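Some notes on the structure that comes next.
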Amino acid sequence: MKAVGTRLMALCFIIMALAVQPLQAAPVGADKVMRDWYRLILELVRHTPTYSPPVASRAFAYLGVTAYEALASGDTTMTSLSGQLNGLTPVPQREGGMAYDEAVVMQAALSSAAREFFGNTGPTGQRALKRMTEKLSSEVSSGLAPELVARSQAYGESITAHILAWSLDDGGAKVENMGFPLEYKLTEGPEHWVPTNLINQQQMPLLPKWGENRPFAMKIGNACPLPPPPAYSEEKGSDFYTEALEVYEAVTNLTPEQRAIARFWSDDPMLSPTPPGHWMSIALKLLDERQASAAEHADLFARLGISLADAFIGCWHSKFEFDLVRPVTYIKRVIDPKWEPILITPPFPEYPSGHSTQSGAAATVLTAFFGENFAFTDNTHEKDKLPNRSFKSFWDAANEAGISRLYGGIHFRAAIDRGLDQGRCIGEKAVALRTRG
């Protein structure tokens, strides 16, 4: 409760900062509109109860596509994603011969999209949404003719309406009971997943049908399939036992650095922007440092959001295909009944690691955008009092994110390594999208 209260206080500070920030004399561009909205959205993810990692990734994808199509509609050098993403038809066209302001279009599109995708956030989040809308709407329209503003706002909102209509039949639009089904039959056998805590709601797995959702750039949910995990065995020396023993010994003998890595990448829902939000935070920071153009912002936000959403669809498809037991269950039953992981085991099957799949997808997209061996510092958890971490490349970070789950005691080695492979496959499909004419 103390951590949640701290985050609510942080969001209140954001609202206060917005309230006292003076209007800028220089024109506000679409790039700033995107940056400001994404900063707030990363906070809203922390405070919206249904926003588990898969749900957050879906929102990032639709928000990214909204921003991209809003900008591409007025830029002849950009290629629409319609016809490239499953089920996306062309967005409404601008009225020929009429002027539009790109920042006003972007503000109208993202403010209406954020309001829709975070409609169930709490009162503090609602106030933040309202204040951000008021602030940016005032900034982008300053000095413009009222008819230009009205036309641009109406057009931006029409983009959101089109994207929202597209989103409604993807399988993930409604999340009830925090994503936990009211009924679910566990698969019999010691190799299969069973609940890992006593919370009543979590006696069912989170979002078991998520892998059946309509993906974005992948044609189908299992477009990047995985081989089976090591065959289940309780025999000492077997591949499965050896992987479990690795987790057991790693947690038992954790170094301070390994413990720090596990904590840095934990990204727990309601206490962080979630794992997909972590990668969006990295992208936002690097775009800001690069002083990237509006087109670059829109391109990366769309590709990264799409890859993360597809990663969770692909990963969840595999998780419930193999329905593998978690390390904590196996280790307590077979190796040491008193053993405990240092991280809370999430309530869904083990194989593959969601952290690994989405990190592999993100690293693939970010490497394609910024280049190989792009060194950077990750300050995602600076406000949470966790030290920044520096990496030699995006894959250096992805590999650390993956192994953090072994250090935390919640994933076997195969789930990590093969999850990274699956993420690379999924990320390549987002990289292949055409965004330039």
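The values are calculated or read from the model by the stated rules, or taken from the named source; none is laboratory data. Keep in mind that what you see is a predicted model, and the values were worked out from it rather than measured. Every residue, glycine as well, gets a Cβ built from its backbone with ideal geometry; the counts of neighbours run over all protein chains shown. Calculation scope for accessible area: heavy atoms of the full protein, side chains included, ligands and nucleic acids excluded. Shrake-Rupley method; radii C 1.70, N 1.55, O 1.52, S 1.80 Å.
Only one residue in GLU340, GLU350 is in a loop (DSSP other than H, G, I, E, B) and open to solvent by 20 Å² or more (accessible area, probe 1.4 Å), so which one is that? Steps first, answer last, please.
On the way: GLU350 fails: open to solvent by 20 Å² or more (accessible area, probe 1.4 Å).
On inspection, the qualifying residue turns out to be GLU340.
Looking across region 225-251, the residues that are open to solvent by 80 Å² or more (accessible area, probe 1.4 Å), touching a residue at least 12 places away in the same chain (Cβ under 8 Å) and out of contact with any helix residue (DSSP H, G or I) (no Cβ under 6 Å at 6 or more places or on another chain) come down to PRO225, PRO228. Of everything listed in (1) hydrophobic (A, V, I, L, M, F, W, C); (2) outside any helix (DSSP H, G or I); (3) buried (at least 17 other Cβ atoms within 10 Å of the Cβ), the single unmet condition for LEU144 is (3).
How many residues does region 282-318 hold that are among the basic types (Lys, Arg) and out of contact with any helix residue (DSSP H, G or I) (no Cβ under 8 Å at 6 or more places or on another chain)? Even if it seems obvious, please write down each step before you answer.
So the first thing to find is which residues in region 282-318 are among the basic types (Lys, Arg), and the list is 285, 290, 303.
Filter once more, keeping what is out of contact with any helix residue (DSSP H, G or I) (no Cβ under 8 Å at 6 or more places or on another chain): 285.
Looking only at that region, the number is 1.
Give me the pairs, please: first residue somewhere in region 409-437 and at positive phi, second residue anywhere and open to solvent by 70 Å² or more (accessible area, probe 1.4 Å), beta-carbon distance under 9 Å, and either six or more positions apart or on two chains. What qualifies is GLY409/GLU340. Looking at this structure, is LYS392 on the phi > 0 side of the Ramachandran plot and not aliphatic (A, V, I, L, M)? No; evaluated as a whole, the condition is false for this residue. Within region 145-182, being touching a Phe, Trp or Tyr at 6+ places or on another chain (Cβ under 9 Å), small (Gly, Ala, Ser) and farther than 24 Å from GLY96 by Cβ holds for SER167, GLY171, GLY172, GLY179.
Among the conditions (1) at pLDDT 95 or above; (2) assigned to a helix (DSSP H, G or I), the only one that LYS383 does not satisfy is (1). Restricting the first member to region 381-392 and to residues that are under 15 Å from ARG259 (Cα atoms), and the second to residues that are part of a loop (DSSP other than H, G, I, E, B), the beta-carbon pairs closer than 6 Å and six or more apart or on different chains are ASN388/ASN379.
Residues that are more than 22 Å from the chain's Cα centre (by Cα), among the aromatic types (Phe, Trp, Tyr) and buried (at least 23 other Cβ atoms within 10 Å of the Cβ) within region 289-337 comprise just one, TYR330.
Scan region 77-91 and give yes if some residue there is open to solvent by less than 50 Å² (accessible area, probe 1.4 Å), part of a helix (DSSP H, G or I) and not small (Gly, Ala, Ser), otherwise no. Break it down into steps so the answer makes sense when it comes.
Taking region 77-91 and keeping what is open to solvent by less than 50 Å² (accessible area, probe 1.4 Å), we get 78-82, 84-86, 88, 91.
This time we only want the ones that are part of a helix (DSSP H, G or I), so: none.
The answer is no, given that none of the residues of region 77-91 is open to solvent by less than 50 Å² (accessible area, probe 1.4 Å), part of a helix (DSSP H, G or I) and not small (Gly, Ala, Ser).
Restricting ALA260, ALA309, ALA295 to residues that are closer than 21 Å to ALA56 by Cα, in a helix (DSSP H, G or I) and in contact (Cβ under 8 Å) with a residue 60 or more places away in the chain narrows the list to ALA309.
Yes or no, residue by residue, for (1) under 26 Å from the mean Cα position of the chain (by Cα); (2) at pLDDT below 95; (3) more than 26 Å from GLU191 (Cβ to Cβ); (4) not in a helix (DSSP H, G or I):
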| residue | (1), (2), (3), (4) |
| --- | --- |
| GLY221 | yes, no, no, yes |
| PRO229 | yes, no, no, yes |
| GLU234 | no, no, no, yes |
| TYR241 | no, no, no, no |
| VAL251 | no, no, no, no |
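For TYR62, indicate whether it is in contact with a helix residue (DSSP H, G or I) (Cβ under 7 Å, 6 or more places away or on another chain), crowded, with 23+ Cβ neighbours inside 10 Å and part of a loop (DSSP other than H, G, I, E, B). Criteria not met by TYR62.
Yes or no: region 264-283 includes at least one residue that is among the aliphatic types (A, V, I, L, M) and over 18 Å from ALA362 (Cα atoms).
Within region 264-283, the first condition is being among the aliphatic types (A, V, I, L, M), and the residues that meet it are 270-271, 280, 282-283.
Still in the list and also over 18 Å from ALA362 (Cα atoms): 270-271.
The answer is yes, given that some residue of region 264-283 is among the aliphatic types (A, V, I, L, M) and over 18 Å from ALA362 (Cα atoms).
Residues in region 113-125 that are open to solvent by less than 10 Å² (accessible area, probe 1.4 Å) and either assigned to a helix (DSSP H, G or I) or closer than 13 Å to ALA161 by Cβ (or both): ALA113, ALA114, GLY125.
From the residues in region 92-112 that are hydroxyl-bearing (Ser, Thr, Tyr) and within 26 Å of the chain's Cα centre (by Cα), which one is surrounded by the fewest Cβ atoms within 10 Å (Cβ to Cβ)? Filtering first and then ranking leaves SER112. One residue stands out in region 398-434 among those that are assigned to a helix (DSSP H, G or I) and among the β-branched types (Val, Ile, Thr): the one that is surrounded by the fewest Cβ atoms within 10 Å (Cβ to Cβ), namely VAL431.
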